[in-house]
Amino acid sequence: MQDKLKVYEEKMNKTLDVLQSDYATIRAGRANPHVLDKIKVDYYGTPTPLQQVGNVSVPEARMIVIQPWEKSLLKAIEKAILTSELGINPTNDGNVIRLVFPELTEERRKDLAKDVKKKGEAAKVAIRNIRRDANDAFKKMEKANEISEDDRKLGEEKIQKITDKMIDKVDAAIDVKTREIMTV
C-alpha cells in the first residue's frame, strides 16, 4: 500500500517538474537562456540542442549572445531561432548571434500570464487524473481481497492529502511566474 502511494506521489512530482521546466521557457521580459532549451539546430543533418553547438551567455539583462563553436553553424542557428516560437529576430555579425529581448507590452504580459495559468490548470488536471488512477487501484485491490475496506479508505485519504499538497505547489508556481511576468 505504501509502495503504491510512493509511485503515485512520484508521478505527481514529475508533473510538477514538467510544469516548472515549461515555465522556465516562458520569457518574462528579461533574457533567460532557458528560453532556448527547446530549440534544435540542424548539425550535419542531426537535430541538436542549441546549447550543444555553441556557448550561450547573457552579457546584459535583455540580451543573449550565442557563440557557435563552428562559424559554419551561424546560419543554421539563425534559422532554428527564426523558425522557433521565440518571436525574436536574431542579429548575426559573422561571429556571434545576438538576441535582444524587447520590453514586454502590457497586453503581451497579460497573454503570457493567461498562458501560465492555462499550463498550471493542465498540471492540476494531470495530478487529479493520477489521484483517480490511485483510487481505482485501491478499489481493485479491495475487490481482489488484497486490502480491507478500511485500508482502501485510508489509502484514498492519504492520496487526497498528497493531491492537495501538489495542487498547492502548482498554485504557488503559477503565482510566482505570474508575478515575474507582470513585474515591469
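The values are calculated or read from the model by the stated rules, or taken from the named source; none is laboratory data. Values in this document were obtained by computation on a predicted structure and should not be read as measured data. As a convention, Cβ positions derive from the backbone with ideal geometry for all residues, glycine included, and neighbour counts pool all protein chains shown. Please note that ligands, DNA and RNA were not included when accessible areas were found on the heavy atoms of the full protein model with its side chains. Shrake-Rupley method; radii C 1.70, N 1.55, O 1.52, S 1.80 Å.
What the table shows:
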item	result
Unique residue being open to solvent by 90 Å² or more (accessible area, probe 1.4 Å) and closer than 30 Å to residue 145 by Cα when the list is 10, 60	10
Subset of the stretch 64-109 that is in contact (Cβ under 8 Å) with a residue 60 or more places away in the chain and surrounded by 13 or more Cβ atoms within 10 Å (Cβ to Cβ) - its residue that is nearest to the chain's Cα centre (by Cα)	109
Long-range neighbours under 9 Å by Cβ, at least six apart or interchain, first residue more than 20 Å from residue 128 (Cβ to Cβ) within the stretch 142-161, second of a type in the set (Lys, Arg)	142/152; 146/140
Selection status of residue 46, under 30 Å from residue 146 (Cβ atoms) and among the β-branched types (Val, Ile, Thr)	no
Residue count for the stretch 134-168, restricted to those that are surrounded by fewer than 14 Cβ atoms within 10 Å (Cβ to Cβ) and in a loop (DSSP other than H, G, I, E, B)	4
Positions within the stretch 39-57 being closer than 12 Å to residue 99 by Cβ and either surrounded by 15 or more Cβ atoms within 10 Å (Cβ to Cβ) or among the β-branched types (Val, Ile, Thr) (or both), in sequence order	39, 50, 56
Failed condition for residue 121, given (1) acidic (Asp, Glu); (2) open to solvent by 80 Å² or more (accessible area, probe 1.4 Å); (3) under 17 Å from the mean Cα position of the chain (by Cα)	(2)
Test: residue 35 is in contact (Cβ under 8 Å) with a residue 40 or more places away in the chain, open to solvent by 50 Å² or more (accessible area, probe 1.4 Å), closer than 29 Å to residue 179 by Cα and among the aliphatic types (A, V, I, L, M)	no
Some residue of the stretch 13-27 being crowded, with 20+ Cβ neighbours inside 10 Å, in contact with a Ser or Thr (Cβ under 9 Å, 6 or more places away or on another chain) and either of a type in the set (Val, Ile, Thr) or at negative phi (or both)	no
Number of the condition not met by residue 4 [criteria: (1) open to solvent by 70 Å² or more (accessible area, probe 1.4 Å); (2) touching a helix residue (DSSP H, G or I) at 6+ places or on another chain (Cβ under 7 Å); (3) charged (D, E, K, R); (4) more than 30 Å from residue 150 (Cβ to Cβ)]	(4)
Whichever residue in the stretch 169-184 is buried (at least 17 other Cβ atoms within 10 Å of the Cβ) and among the aliphatic types (A, V, I, L, M) and, among such residues, is nearest to residue 20 (Cα to Cα)	173
